[in-house]
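In what follows, a single structure is set out as structure tokens and then discussed.
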Ligand code: SF4
Ligand code: SF4
Ligand code: FES
């Protein structure tokens with residue numbers, strides 16, 4: 001039988017959850033035996049080349065590109081897993097929710113204490129740039145998500161346990177100590 | 001009339017002093033009933049409903065109901081726990097609870113109950129209300145994003161003449177719990193610390209210190225909330 005295929009992506013995330021995947025240490029060798037990776041920053045495959053079994057999503061949706069990628073993942077993956085607080089509830093980026101978008105832009109590009117060299121007062125508006133959304137959306141408000149792995153980042157053991165369970169079809173045993181929101 | 005009453009919790013025979021509230025009576029029998037707005041030593045309010053149990057088939061709050069002879073109490077059933085879990089989920093979406101950036105994380109009762117009920121994600125949509133962090137008091141930070149309006153601070157933290165140092169401001173959906181502007185000066189260093197400890201969540205934080213206890217050693221890192229009660233030998237009367 002061919003190996004289950006896994007795809008991963010980071011939307012509005014910090015790559016911390018991907019780092020946590022790597023944090024399974026030497027078990028990474030087992031993981032390579034167990035699954036095949038498709039679209040993922042881990043192997044740098046940029047486009048889906050086949051249907052996948054499991055998609056791991058890090059980060060929520062803060063712009064139109066995030067929404068596009070997330071929908072693409074939903075289309076190509078049998079099971080989607082929201083990995084980490086940002087994917088689950090927007091996380092740190094969602095701290096801007098509730099603040100009008102104009103205020104956010106003014107702070108980021110015009111008035112913020114770290115703004116230098118923008119004497120022309122330009123707010124980036126190239127049509128090539130993804131549109132920023134009115135707020136940051138948790139992934140499950142955009143597409144159907146099948147499983148949620150909380151944590152910031154989720155403990156490596158949690159990701160490992162969940163992945164193995166999904167791949168083998170065994171029951172997900174998630175011990176108390178590894179399911180944490182921070 | 002005997003000083004003691006007999007009752008059952010989930011079918012197990014229990015015994016407690018007459019007139020005790022159900023949460024306390026249960027605790028003495030080694031049974032944990034989750035609470036949030038309740039606090040030892042002050043009059044129960046029965047506002048959060050997390051302690052809901054079924055008494056002889058009827059839903060009641062265990063923090064406000066005195067135990068009586070022959071009561072049959074349902075506590076750890078799938079129904080009841082699902083109900084409690086939904087209350088926790090509502091509290092999470094109603095405010096802004098970003099645990100990774102919260103000083104109370106690991107010691108927070110709301111979070112600990114979410115862990116106990118295995119909440120992976122709230123089933124309700126996040127509201128992302130626009131709430132302020134008030135750092136105007138010299139000793140504490142009052143973060144309205146995390147306040148669950150349990151009134152524990154209002155009921156427990158009082159000055160020498162028994163006046164509440166914390167108070168409600170505004171009404172209805174915009175209600176806030178704030179330091180009473182007239183009594184704010186009475187919030188001594190000790191009282192500020194006590195207020196932080198009394199608050200079940202991270203809405204009252206003492207300034208200029210924090211993140212003392214490393215991850216892994218905090219109150220609910222390794223053991224679920226309530227396990228101290230459950231592991232206790234029941235104090236048979
Ligand atoms: S108060 Fe509790 S639930 Fe809210 S953010 Fe802080 S740790 Fe999380
Ligand atoms: S500040 Fe804390 S103790 Fe006071 S009402 Fe809010 S949550 Fe309860
Ligand atoms: S603890 Fe009983 S209603 Fe809040």
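The values are calculated or read from the model by the stated rules, or taken from the named source; none is laboratory data. All figures in this text were calculated on a predicted structure; none of them were measured in a lab. Cβ atoms come from the backbone with ideal geometry, glycine included; neighbour counts cover every protein chain shown.
Below is a table of values for the structure above.
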quantity	calculated
Check on residue B:146, surrounded by 12 or more Cβ atoms within 10 Å (Cβ to Cβ) and away from ligand 1 (no atom under 16 Å from the Cβ)	no
Among residues of segment B:129-143, those that are buried (at least 22 other Cβ atoms within 10 Å of the Cβ) and within 14 Å of ligand 1 (Cβ to nearest atom), counted	2
Selected residue (criterion: farthest from the chain's Cα centre (by Cα)) from residues of segment A:144-172 that are in a loop (DSSP other than H, G, I, E, B) and buried (at least 17 other Cβ atoms within 10 Å of the Cβ)	A:155
All positions within segment B:33-84 that are more than 10 Å from ligand 3 (Cβ to nearest atom), more than 18 Å from residue B:14 (Cβ to Cβ) and buried (at least 20 other Cβ atoms within 10 Å of the Cβ)	B:84
Residue identified as within 25 Å of residue B:50 (Cβ to Cβ), at pLDDT below 95 and either away from chain A (no Cβ under 14 Å) or within 16 Å of ligand 1 (Cβ to nearest atom) (or both) among B:164, B:172	B:172
Among the candidates B:214, B:224, residue that is surrounded by fewer than 17 Cβ atoms within 10 Å (Cβ to Cβ), within 14 Å of chain A (Cβ to nearest Cβ), more than 21 Å from residue B:35 (Cβ to Cβ) and more than 16 Å from ligand 3 (Cβ to nearest atom)	B:214
Matching residues, segment B:128-164, being in a loop (DSSP other than H, G, I, E, B) and within 16 Å of ligand 3 (Cβ to nearest atom)	B:147, B:148, B:149, B:150, B:151
